[in-house]
Amino acid sequence: MDIQLECFVGPVTSLTACANKLIIGCGSEITIFNLASEKYENTQQIFVGSSVHGLRAGLSYGNEHSLCVFGAKHARIVTLSNCDSEDKKSDINLVSDVFHAEDWIWDARWLCDQDKSERESDEYGTVALALAHNTVVHWNWKENKVSRTRHCTEKCILYCAHFIGDSWSDLVLAAGTVFNKIVLWPVGNCNSQDLDEPVDIVHTLSGHKGVIFSISFHPKLRKICSASDDRSIRLWKLTFQCNDFSALKPSDWNTMESTLLLCLFGHSARVWDVELMTTCFASVGEDATCNVWDYDGNIITKFKGHQGRSIWSLAVGEDEKNLFTGGGDGSVRMWSLEQGRDKQMSQTVLTLPSSAARCHGQEDFPRSVTLLNYNMVLVMMNSGSLLCYHISEQQFSELLSGADFHSYSVVSPCPDGRSLAVGSISGKLCVIKVLESGETVSCEKTVFSGKVLGITWIDVDCLVISGPLGYCHLLTVETSSPAETQGQQMSILTQRELSLPPSKHRWVTAACMVPLSDGPARGAPALMVCGDKDGSVHSYTLSPENTSDADGSQLLPHQTFQKVHSKAGVTYVCYRDGRVHTAGRDGFYRQWEVKNGALSQLHGNKILKGLEWIDRLEWHNGDLLVYGFFSSQFTVWSVTYNQQIMSVQCGGGHRSWGCCHENGVLRFVYLKAGAVYLVDSERQTKQRIIRAPLHGRELSGATVIGFVHCQEGTWAPLVCTASEDTSLSVGVMRHDQGLVQWEPLASLKGHLSSVRCVTAVPCEGIHKLPPRSDLEWDHADKETSFVLFSGGGRAELRAWKLQVMPPMCRRGGHSYGGRVNVERVVSEATEEADVMNEIQTSRLTKHAVSVTETPSSIDCDKHGVSLSSVSTGSAVDPTLSGAGTSTSRSQQICSYKHLATHFLGECRHKQRSSSWKTRKLRLDPETRVMSVAATTVSQLEPGSQRDDTASGGHVSGLYLVSLAGSDGVLRVLLFDEATQNFSAVVQSSFHKGCVLKVTHHLQHTSDSQPTLLLLSASTNGQIVVWKLGQEVIQKCTNDRSLNHRGKVKTNKNPDNHCERGQQNQSKAGSCEAGTDEEEGDVSDDYTDFTRQGEDDKEDKHKDWQPLASLPAHQSGVNSLHSLQVSDSQFLVASGGDDNAVTVQLCQLSGVQVNLLCKVTQHRAHAAQVTGIKFINPSLVVSASIDQRICVWRLRCNGEKSMHLELVQCKYSNLSDVSFMDICQFSGSVHVLCGGEGLTLHTLIDGTEAITGQNAS
């Protein structure tokens, strides 16, 4: 048996550019990326037990390039073929054995004798290695031996080192010591015949206040630069008596003088690396920022895009046109230095014409400005004169003038860039169209008796105008002829009269039209979605039947989501790719879906902290641009590249402004202190993402949701990960010619604190002969939905719905649809495992029908979900070949929706109070959800596993969710997907300490009576078994039909935890609540489960007692898994802080659980065991912080004793392993581990499938 590494996603620790290829060091592997074709070409594991920390390109032999790879105490030489070719694939050849040094290796330098040609010198092609105690070894890699060793008189610990020179005789080492100094000493200088004599230091560079992490030297400029723990960068100039640096001798370093040129502070955290170039230099640091400096000490540009805390690696292209950075988030990005240098911003003040200087005897001034298009600036004067400034011609023209628009006006440009609408204080609307000839045509109409409050264009010929008391008119603008001539006639027609619900600010600020049929646009049913100044979103159903009443009454909204964007207002509404997008001044942009004519919110996203005002969204070349205000700065942010594109200090968003872009130039106009400013800014460097990011912080949990079928005809595991960066990530690990790469599909954000755990449960469906192992999979040919439950800090629990496009294989089910044949493989039990009985395992064998249909391609902006990171294609299952060969990168895999949020410390005021006091969150910052487990209630019904028609209608959409709390309370909640509410079922404080793990075990019996067992473990080393039987179904049924007092109203707003929505009822129909955190009275039905309230209910739950308490470990239990082996017996495996692995065989007899036998491997690992899973009754897999994955064979002697035997052990480069998950698919076992990254391993056992009991 072997454990093979399939994929490692983690911090990128080294980078180097070699001709047209980029070499990426991540974990113990190096990967070649073709910069021309944008494809990954090859990957190779270099070390076992060490990560790659350095890559040094060396000599080239024809079409091959040498590369020295080092990390920790190991070094190795590899050759790369076809690096200069853009079309040919590069191969990685291991040409030397692994060299084991006595100390850590900080730098490597290829050596060659400049005085001898080609390969005459003995040292030609050898390597010098700098070790961590200021020692240099001369490594002859061809013979894998050390030729020479030199020591320095300063034998302190080094934090970095850098070689200067290319031959051993001229070699000088610049070493960054623990004493915050850089010492330079000549390696090849030997005044004595004794080679063991230490070499004296020839020069010292000091000034840093912290240890030195990086040193870079430029031979032509004779400048040396260092980066330090004190967040500073220091640049020195070295002066030699010899002007020719190539002719320097070791003795010349004795007379060398250094001059400090610059001491720079540009990072907000420690600086990790620095690289000198001809005209500039770059630095990266712990603040995940790459700064590019000129040699005057000015920052040319800041590259921001990496998530998390650090950029670990930095490389410069051979032509110095590009920078490459590798971050702790696992991503690799390329930045163009040329674009960064050429970026310019110009700002001018427009001089208004002298004719606009006086108005009614008073000085005239501009009241508002905006952009009609890229070349036209609209300036509305206080006098009522509308001026148009033509930027290309640099002259003004007057479009409108009248007393009606004096002192007050509303100007709204049309999306076509040719038309605009102006509203007056008297209710007059004027629509003006600018023809290509420069002439204008216009029309007017008095709409209201009061002033026009707002004008919003829905289309090029449709707009909504808002007036007093919430009255709105839906208008259309018609022209007499399509040709743009001066004789063209325009007219304004009223289509609908609408009314907004009562609020403080009752006017429409943004709107869009959603078609409800495929018919023609005119007269077809449609849904108008609009947002108002009060932060609410409304939807109106428009059809020929619901026009305004003859008596003059207005059309009321069909739905109202009150204050979904807080009280500041909705700024943007659009319909794109089947989804409605809204944005507001709460800093969130939200996505909605329309089903059966009703609007429902999917989720919301916040860009970054401080960007509290989002004005609009714009999709441009596959990138989502967000326009908004960061404090007093106007900001354009790229969501796809996580980068600020433009920033203008304009004074804030409470002023008139406009923005548009064309040909890569952003144009921004704003009004400040009575002056009109025009700003042109070239877009900052649009980074190129070579490798997609994972998370910015450590991973704390993950689950394999299923296997999705990709367009290349392959199957890829669909994984959901949880992280300390407060987010969840859904992605696939796709294969492409033997390479496996992580492709994120969706990022689920909203948690207040770190996400500790996540679990996925398939939504309700047909159940037939469910497998007894949760590692088995079934095939689905239709859209499959999952409910995700995630928990973490601040006692927060969230529910999400994930919809996965077909075809896929999901965990726990059966085969249907006829697309694949599912073969039930009944494993033959070994003699030692007779007591375990036989267990069935599913194995996909081959396609019954070739899959020719692939999910339709969509725009990469849709849902924010696409496969756009890397090209992939190789099969996970070699038997599933030829299914589809499309290489499109825009295949939609999944979409998600936030369902509910529940806080364990949530409470409401008992008394009625003002609207802003209706809700108070009493969050306990110390309480964390440590583990979560979930099961559908329908699985507990009698006969559910055999009756194909069992629908479980009265319990469908109900989920039992068990939570392990750090406060020592074990909670079981009921989640109703229909109402999106959590309610308490039962809880216990039986555990006296922190509850670390909880898992569900569904015990199936031959008489069709499933029993749900709950296994929990805490810091005392005990595993407690609980029973949730048929009485739970009855309680869940009652909870759904009755408004019981245990119901907890949850926050459906996925992002804003201080708002409350109010559900309204109108004449047009019922309105759904968008949030439940804003205004509204509090119902007496709300009874909250605060910690105090839960303590009050201890008497109610005191009859819930555990079936058994099984001693397992000396201290905390970090991992837990169970497996059914017969109708009455099941296995429990656990791993703890005591480094032990324990397996127990238990028997369920009614309301008792008896321990039959137990085995403990006390020294299973060298550190705490954080993951354990059963493959089958005879194989167990464990993972630990000691970075080992172990496979154990479980041998059983009847019911008397058991024995664990180590079968295989694999070292992983993944540090701080915090979890493990296992899935079996198509006869293969995949092991997923996470911590400081994510790894996917496959268990291989020759030609036999290890899913059977006899495979080991």
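Would you mind telling me which numbered condition in (1) assigned to a strand (DSSP E or B); (2) over 19 Å from Leu15 (Cβ atoms) Val292 fails?
It is condition (2) that Val292 fails.
Please identify the pairs in which a residue from region 6-31 that is among the aromatic types (Phe, Trp, Tyr) has its Cβ atom under 7 Å from the Cβ atom of a residue that is surrounded by fewer than 23 Cβ atoms within 10 Å (Cβ to Cβ), counting only partners at least 6 apart or on another chain.
Pairs found: Phe8/Glu29.
Give the residue that is farthest from Ser216 (Cα to Cα), with candidates limited to residues of region 140-159 that are among the β-branched types (Val, Ile, Thr) and not in a loop (DSSP other than H, G, I, E, B).
Ranking the candidates gives Val146 first.
Specify the residue that is least open to solvent (accessible area, probe 1.4 Å); the eligible residues are those in region 647-691 that are free of Cβ contacts under 8 Å to residues at least 24 places away in the same chain and touching a strand residue (DSSP E or B) at 6+ places or on another chain (Cβ under 7 Å).
Gly652
Looking at region 432-447, which of its residues are open to solvent by less than 10 Å² (accessible area, probe 1.4 Å) and part of a loop (DSSP other than H, G, I, E, B)?
Within region 432-447, just Leu435 meets the criteria.
In region 563-682, which strands (runs of 3 or more DSSP E) lie fully inside it and hold 1 or more residues that are closer than 22 Å to His751 by Cβ and within 24 Å of the chain's Cα centre (by Cα)?
Ranges flagged: 579-584, 588-595, 598-606, 613-620, 623-630, 633-638.
Quick one: is Cys1196 open to solvent by less than 30 Å² (accessible area, probe 1.4 Å), at pLDDT below 90 and part of a strand (DSSP E or B)?
Taking the combined requirement at face value, the residue satisfies it.
Which condition number in (1) modelled with pLDDT of 75 or more; (2) open to solvent by less than 30 Å² (accessible area, probe 1.4 Å); (3) of a type in the set (S, T, N, Q); (4) in a loop (DSSP other than H, G, I, E, B) is the one that Gln741 fails?
(4)
Would you confirm whether any residue within region 615-631 is at pLDDT 85 or above, closer than 16 Å to Ser536 by Cα, open to solvent by less than 10 Å² (accessible area, probe 1.4 Å) and of a type outside the set (Phe, Trp, Tyr)?
No, the conditions are met nowhere in region 615-631.
So, Leu435, is that one at pLDDT below 90, over 23 Å from Arg655 (Cα atoms) and out of contact with any Gly (no Cβ under 8 Å at 6 or more places or on another chain) or not?
The answer is yes for Leu435.
Using the structure shown, decide if His538 is crowded, with 22+ Cβ neighbours inside 10 Å and at pLDDT below 90.
Here the answer is no, as His538 does not meet what is asked.
If I ask for residues that are farther than 22 Å from Val1025 by Cα and part of a loop (DSSP other than H, G, I, E, B), which ones from region 1142-1185 would you list?
His1162, Arg1163, Ala1164, His1165, Ala1166, Ala1167, Gln1168, Ser1178, Ile1185
Kindly indicate whether Val1207 is in a strand (DSSP E or B) and free of Cβ contacts under 8 Å to residues at least 60 places away in the same chain.
So Val1207 does not fit the description; no.
So which of Asn1056, Asn1043, Asn1051 ends up being out of contact with any Leu (no Cβ under 7 Å at 6 or more places or on another chain) and either modelled with pLDDT of 90 or more or more than 21 Å from Trp800 (Cα to Cα) (or both)?
Selected residue: Asn1043, the only one of Asn1056, Asn1043, Asn1051 that is out of contact with any Leu (no Cβ under 7 Å at 6 or more places or on another chain) and either modelled with pLDDT of 90 or more or more than 21 Å from Trp800 (Cα to Cα) (or both).
Here are Ile1172, Ile1189, Ile1244, Ile1185: which of them is closer than 15 Å to Ala1140 by Cα, touching a residue at least 24 places away in the same chain (Cβ under 8 Å) and open to solvent by 10 Å² or more (accessible area, probe 1.4 Å)?
That would be Ile1185, the only listed residue that is closer than 15 Å to Ala1140 by Cα, touching a residue at least 24 places away in the same chain (Cβ under 8 Å) and open to solvent by 10 Å² or more (accessible area, probe 1.4 Å).
Within region 376-431, restricting attention to residues that are touching a helix residue (DSSP H, G or I) at 6+ places or on another chain (Cβ under 6 Å) and either part of a strand (DSSP E or B) or closer than 21 Å to Phe668 by Cα (or both), which residue is most open to solvent (accessible area, probe 1.4 Å)?
Lys428
All but one of (1) surrounded by 17 or more Cβ atoms within 10 Å (Cβ to Cβ); (2) part of a strand (DSSP E or B) hold for Gly308, so report the exception by its number.
The one condition Gly308 does not meet is (2).
Results for (1) in a strand (DSSP E or B); (2) surrounded by 22 or more Cβ atoms within 10 Å (Cβ to Cβ); (3) modelled with pLDDT of 95 or more; (4) of a type outside the set (Asp, Glu), shown as yes or no for each residue.
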site: Ala161; (1), (2), (3), (4): yes, yes, yes, yes
site: Asp166; (1), (2), (3), (4): no, no, no, no
site: Ser169; (1), (2), (3), (4): no, no, no, yes
site: Ala175; (1), (2), (3), (4): yes, yes, yes, yes
site: Trp185; (1), (2), (3), (4): yes, yes, no, yes
site: Asn189; (1), (2), (3), (4): no, no, no, yes
site: Asp196; (1), (2), (3), (4): no, no, no, no
site: Gly207; (1), (2), (3), (4): no, no, no, yes
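May I ask you to say which residue of Ala315, Ala288 is touching a Leu at 6+ places or on another chain (Cβ under 8 Å) and touching a residue at least 60 places away in the same chain (Cβ under 8 Å)?
Going through Ala315, Ala288 in turn, the sole match is Ala315.
I need a count of the residues in region 1-15 that are open to solvent by less than 20 Å² (accessible area, probe 1.4 Å) and more than 24 Å from the chain's Cα centre (by Cα).
Of the residues in region 1-15, 1 are open to solvent by less than 20 Å² (accessible area, probe 1.4 Å) and more than 24 Å from the chain's Cα centre (by Cα).
Any chance you could count how many residues in region 212-256 are of a type outside the set (Lys, Arg), touching a Ser or Thr at 6+ places or on another chain (Cβ under 6 Å) and open to solvent by 30 Å² or more (accessible area, probe 1.4 Å)?
So the answer is 1.
Would you confirm whether any residue within region 241-254 is in a helix (DSSP H, G or I), free of Cβ contacts under 8 Å to residues at least 24 places away in the same chain and hydroxyl-bearing (Ser, Thr, Tyr)?
No, every residue in region 241-254 fails to be in a helix (DSSP H, G or I), free of Cβ contacts under 8 Å to residues at least 24 places away in the same chain and hydroxyl-bearing (Ser, Thr, Tyr).
Is at least one residue of region 17-26 out of contact with any Leu (no Cβ under 8 Å at 6 or more places or on another chain), among the small types (Gly, Ala, Ser) and open to solvent by 40 Å² or more (accessible area, probe 1.4 Å)?
The answer is no; no qualifying residue exists.
In region 40-55, which residue that is open to solvent by 10 Å² or more (accessible area, probe 1.4 Å) and either outside any strand (DSSP E or B) or out of contact with any Asp or Glu (no Cβ under 8 Å at 6 or more places or on another chain) (or both) is nearest to Gln741 (Cα to Cα)?
Going through the qualifying residues, I end up with Glu41.
The values are calculated or read from the model by the stated rules, or taken from the named source; none is laboratory data. All values reported here derive from a predicted model rather than from experimental measurement. Backbone-built Cβ (ideal geometry, glycine too); neighbour counts: all protein chains shown. The protein model used for the area step is the full one, side chains on, heavy atoms only, and it has no ligands, DNA or RNA in it. Shrake-Rupley method; radii C 1.70, N 1.55, O 1.52, S 1.80 Å.
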